[in-house]
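Student: I have a structure here, written as structure tokens, and I will follow up with some questions on it.
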Amino acid sequence: MGGMDARPALTTGTVVALAAVAALTLLPAGSGGWEWGAPTAELRWYVTGLDSRATVVQLLGNLLLLAPLAVVAVLRWPVLRSPAVLVAAALATGAAIETLQWALPLGRVVSPVDALLNATGAVVAGLLVAGLTAAADRLADRPTGVGSRP
């Protein structure tokens, strides 16, 4: 197979994406300790607050937090193109963020809903990239020229 090996750039992209996630989620945001984000209260807040800019920004932020990381990771490690592996990795990453927010004195809200939203965004982004990659691979393998059929 010819061409340049993209793995080093994708590895760097993964490290950069991880650093961005850490900066967004693990820097102190209060006076220490943590608060519990009760899942039913959070879900109610999201469902009843979709007319609020703050709610929509929070929802989109949680859905998009791990998406860039998922994109570069799926491109770098093809095993993540398996939906089961991708879902497990996304859930583990979302849970790890919330666990660290609980364990460290960051003044953050610990929320299982956030973990699920983070994982959902990562899975959607990862599956999209996996599907596009598979389609590109099929097109690259398609014969062309006189007498070939699409």
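Each reported figure results from applying straightforward, stated rules to the coordinates on display, with no laboratory input. Keep in mind the model is a prediction, meaning the values are calculated, not measured. Cβ: placed from backbone, ideal geometry, glycine included. Neighbour counts: every protein chain shown.
Student: How many angstrom lie between the C-alpha centres of the stretch 2-25 and the stretch 50-129?
Tutor: The stretch 2-25 and the stretch 50-129 have Cα centres spaced 16 Å from each other.
Student: Taking the Cα centre of the chain as origin and charging only Cβ (+1 Lys, Arg; -1 Asp, Glu), how large is the dipole, in debye to the nearest 20?
Tutor: 420 debye
Student: Please give the FRET efficiency for Val87 paired with Leu43, using the beta carbon to beta carbon distance and R0 = 22 Å, rounded to the nearest 0.05.
Tutor: Values: r = 20 Å, r/R0 = 0.93.
Step by step, r from the Cβ atoms, then E = 0.60.
Student: What Kirkwood radius, in Å to one decimal, follows from the Cα pairs of the chain?
Tutor: Details: mean 1/r = 0.0579 Å⁻¹.
Kirkwood hydrodynamic radius for the chain: 17.3 Å.
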